[in-house]
Amino acid sequence: MMPDTTIAEYVAKKQYVVGFCFVPNEGNVILIRKNKPAWQEGKLNGVGGSIEAGETAMQAMEREWLEETAEPRTGWELFCTICYAKATVFFFRTWTTECKARTNTSEIIVRASLGDIHGPVVPCWYAETKLHLPMLANLRYLIPMALTGDKGEMQQ
């Protein structure tokens, strides 16, 4: 909770989830090309959305992943929470050797190369087509953070 925020203000803030699914044997992370909100339009982000009334952050992550990728996935791990002035965002991570995520909404699911996450534009693949897409700036530190374990070691 932010130092100058009351409990009521904290609870009243919008809450969101964002998830990164890593496919280490392919060297990829699954991302989504956003259409909305306007400030994210055309940029890559993790898969996620709003937490609905009565949901936990974990339930919202599982629901959002299924809605946007048509792939049921459990085993998410919370690795970071960021409290902004008007919203709280819970960031999750998971690893798999096989991911069948596919575009299930108007926002396109892509496989982004982990080796190229450091720049403003990242090579990624959609339906066997290589694209170079811009990503949200915070992914340059959130993805490396997600790959780092609690004790600083890289996750397998």
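The values are calculated or read from the model by the stated rules, or taken from the named source; none is laboratory data. These figures come from a predicted structure and were not determined experimentally. Counting neighbours? That spans all protein chains shown, and the Cβs are built from the backbone with ideal geometry, glycine included.
Is it the case that some residue within region 69-86 is closer than 20 Å to K34 by Cα, assigned to a helix (DSSP H, G or I) and not small (G, A, S)? Yes, some residue in region 69-86 is closer than 20 Å to K34 by Cα, assigned to a helix (DSSP H, G or I) and not small (G, A, S).
Of the residues screened, E52 is one that is modelled with pLDDT of 95 or more and not in a helix (DSSP H, G or I).
Report yes if some residue within region 33-46 is buried (at least 22 other Cβ atoms within 10 Å of the Cβ), touching a helix residue (DSSP H, G or I) at 6+ places or on another chain (Cβ under 9 Å) and within 16 Å of L139 (Cβ to Cβ); otherwise report no. Yes, region 33-46 contains a residue that is buried (at least 22 other Cβ atoms within 10 Å of the Cβ), touching a helix residue (DSSP H, G or I) at 6+ places or on another chain (Cβ under 9 Å) and within 16 Å of L139 (Cβ to Cβ). Region 106-156 holds strands (runs of 3 or more DSSP E) entirely within its bounds, and those carrying 2 or more residues that are surrounded by 13 or more Cβ atoms within 10 Å (Cβ to Cβ), on the phi < 0 side of the Ramachandran plot and modelled with pLDDT of 75 or more map to 108-113, 129-134.
Can you say whether E68 is without any contact (Cβ under 8 Å) to a residue 40 or more places away in the chain and of a type outside the set (G, A, S), as far as the supplied structure shows? No: the conditions fail for E68.
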